[in-house]
1. Short version: ³J(HN,Hα) in whole Hz for each residue of the range 156-172, in order, from phi by Karplus 6.51 cos²θ - 1.76 cosθ + 1.60 (θ = phi - 60°), x for Gly and Pro, what are they?
2. Assuming R0 = 30 Å, what is the FRET efficiency of residue 174 and residue 115, from their Cβ-Cβ distance, to the nearest 0.05?
3. Along the positive direction of the dipole of the range 126-168 (beta-carbon charges: Lys, Arg +1; Asp, Glu -1; about the Cα centre), which of 143, 163, 130 reaches farthest?
4. So for the range 72-178, what are the equivalent ellipsoid semi-axes in whole Å, largest first, each being the square root of 5 times an eigenvalue of the Cα gyration tensor?
5. Once phi is turned into ³J(HN,Hα) by the Karplus curve 6.51 cos²θ - 1.76 cosθ + 1.60 with θ = phi - 60°, what whole-Hz value does each residue of the range 136-152 show in order, with x for glycine and proline?
6. Which far-off residues, 5 or more places away or on another chain, put their amide H under 5 Å from the one on residue 138, with H placed in the peptide plane?
7. Taking amide H positions as placed in the peptide plane 1.01 Å from N, state which residues far from residue 117 in sequence (5 or more) or on other chains have amide H under 5 Å from it.
8. Using θ = phi - 60° and the Karplus relation 6.51 cos²θ - 1.76 cosθ + 1.60, list the HN-Hα couplings for the range 39-51 in order, rounded to whole Hz, with x at every Gly or Pro.
Amino acid sequence: MDLNARRRPRVRIAARDERGPERAGSRGIRQWDVEIRPYLTPYFAYAAAALILGAHVAVGVLLKISSTGVIFQTADQVAIALLGAVIAGAVLLFARPRLRVGASGVAVRNLFGYKLIPWSDVVGVSFPRGARWARVDLPDDEYIPVMAIQAVDKERAVDAMDQVRGLIERYRPDINQH
């Protein structure tokens, strides 16, 4: 028996079908009809994070180059670089939003949270005039913001709203979208 053959890790790759990606989880495999992510915001987030990290690292490196009357230690240099990494990581959260729509409901992931909204709780999806992003409307005039569909994406946002509204008509034909 070949020793290298035993050391290879086993990798399970989730299959895809024509309706969209599958997600293996603790509750089994879930099908999603559409997955929407913002288009422009991640580019800005990646660029800003790289700029912030680069600036902090540069300041940390240059901190002990000339005498300013203050004595900086190597720990100060490392701390400034690490602070830049933390701030860059926080900025990268803006690249995280996602919206998935499927038979099990509407799954919204924003900066910090993930929420699966069953179809029985979905009243509609709207994009109020002047808003920065869409929202999933819930009963009793409540809503959940959907940062995955943003006004800055213009036509892509319109197409995404059309897709989501089409799926709402498919899964919730009893509600009337405006």
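Read-outs: derived from the displayed coordinates by stated rules, not from any lab. What you see is a predicted model; the values in this text were computed from it and never measured. All Cβ positions, glycine included, derive from the backbone under ideal geometry; neighbour counts span all protein chains shown.
1. 5, 5, 5, 4, 5, 4, 4, 4, 5, 5, x, 6, 5, 4, 6, 8, 10
2. Values: r = 22 Å, r/R0 = 0.74.
Approximately 0.85, to the nearest 0.05.
3. The one lying farthest along the dipole's positive direction is 130.
4. On the way: eigenvalues 274, 41, 25 Å².
Result for the range 72-178: semi-axes of 37, 14, 11 Å.
5. 9, 7, 10, x, 6, 6, 9, 7, 10, x, 10, 6, 6, 10, 10, 4, 5
6. It is 123, 143, 144, by chain and number.
7. Residues meeting the criterion, in which the H sits 1.01 Å from N, are 106, 107, 108.
8. Working through the residues one at a time gives 9, 7, 4, x, 4, 5, 5, 5, 5, 5, 5, 5, 5 Hz.
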